[in-house]
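Participant: To start, I am sharing the structure in question, which I have written as structure tokens.
The values are calculated or read from the model by the stated rules, or taken from the named source; none is laboratory data. Keep in mind that this is a model prediction, so the values were computed, not measured. Neighbour counts run over all protein chains shown; Cβ positions are idealised from the backbone, glycine included. For accessibility, only protein heavy atoms count, side chains too; no ligands or nucleic acids. Shrake-Rupley method; radii C 1.70, N 1.55, O 1.52, S 1.80 Å.
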Amino acid sequence: MTPEDLVEIEAIKRLKYRYARLLDTKDFDGLNELFVDDATASYSGGQLSYEGRDAIVGFLRTALGPTTMLTSHLVGQPEIELTGPDTATGTWALQDMVIVAEQGVEIRGTAFYEDRYVKVGGSWKFRHTGYRRVYEEMGPRPADLNITASWWDGGASTIVSRAPHI
């Protein structure tokens, strides 16, 4: 492996990290820029599959767009292989959590992403992304658990005192 290879691998890592950040902050226009036009996606072991950047981002916008749906996608443990001067593959561990505030539901799980990348105009883009679940669990949120801050309310925490007032 050469120093140049390490630079390319770091650029691919940054692409995936950007994907998670833009997904959780609901920046769907930004997400659009991360995919090639004919990209594909296969989420939940293929149960949700899409062809074309517009279809992928359209699905993400519809499924995760409401600001009352809070998400956290943490990716790590990358195994990236450069398969050519402008192509690569990657496997990533995923831990995610989704809070559907209006319904009082939480969804948590882990998965492994399998990605394919292509370098276009000097920038790495997704040719394919998708994951297969290791597990997923869903259930009601505890009634006494309150959301005290979110990205869409400015991110400032609301101090919730549980101490009795004197």
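Participant: Compute the angle between helix 53-64 and the longest alpha-carbon principal axis of the chain, please, reported from 0 to 90 degrees and rounded to the nearest 10.
Facilitator: Computed tilt is about 10 degrees.
Participant: Based on alpha-carbon atoms only, what is the radius of gyration of region 85-160 relative to the globular estimate 2.2 N^0.38 Å?
Facilitator: Cα Rg divided by the expected 2.2 N^0.38 Å: 1.58.
Participant: While we're looking at this one, here's another question. Counting only heavy atoms of protein chains, what accessible area per residue, in Å², does the chain have with a probe of 1.4 Å?
Facilitator: That works out to 59 Å² for each residue.
Participant: Continuing with this model, one more query. If I compute volume of the Cα convex hull per residue in Å³ from the structure I just sent, which labelled value in [x] 356; [y] 147; [z] 179 lines up?
Facilitator: Label of the calculated value: [y].
Participant: Right, here's the next one. Under unit Cβ charges (Lys, Arg +1; Asp, Glu -1), what dipole magnitude, rounded to 20 debye, does region 12-102 have relative to its Cα centre?
Facilitator: 300 debye
Participant: Which percentage, to the nearest 5, of the DSSP beta bridges contained in the chain is antiparallel?
Facilitator: Expressed as a percentage, antiparallel bridges in the chain total about 90.
Participant: Something else: Please list, short to long, the whole-number percent of alpha-carbon pairs of region 1-57 in consecutive 10 angstrom bins beginning at zero.
Facilitator: Spelled out per bin, shortest first, that is 22, 42, 27, 9.
Participant: Something else about it: Please turn the phi angles of region 35-41 into ³J(HN,Hα) values with the Karplus equation 6.51 cos²θ - 1.76 cosθ + 1.60 (θ = phi - 60°), one per residue in order, whole Hz, x for glycine and proline.
Facilitator: Values per residue, Gly and Pro as x: 10, 6, 3, 9, 4, 10, 9 Hz.
Participant: Which residues' amide hydrogens lie under 5 Å from the amide hydrogen of S150, considering only partners 5 or more residues apart or on another chain, with H built in the peptide plane?
Facilitator: G155, A156
Participant: While we're looking at this one, here's another question. Explain nothing, just compute: Karplus ³J(HN,Hα) = 6.51 cos²θ - 1.76 cosθ + 1.60, θ = phi - 60°, for every residue of region 85-95 in order, whole Hz, x for Gly and Pro.
Facilitator: For region 85-95, the Karplus curve yields x, 10, 9, 7, 10, x, 10, 9, 7, 10, 10 Hz.
Participant: Give, in nm to one decimal, the length gained when the segment between V36 and W151 is fully stretched (0.36 nm per residue of separation minus the Cα-Cα distance).
Facilitator: 38.6 nm
Participant: Let me ask you something else. Taking every pair of alpha-carbon atoms in region 44-121, what share in percent sits in each 5 Å bin, from 0 to the bin with the longest distance?
Facilitator: Values per bin, smallest distances first: 3, 12, 16, 21, 23, 14, 7, 3, 2, 0.
Participant: Additional query: Give the whole-number value, in cubic angstrom per residue, of the convex hull volume spanned by the C-alpha atoms of region 4-97.
Facilitator: Each residue corresponds to 105 Å³ of Cα convex hull volume.
Participant: How do the peptides 63-71, 34-42 rank, highest first, by the average count of neighbouring beta carbon atoms within 10 Å per residue?
Facilitator: Peptide ranking by packing, descending: 34-42, 63-71.
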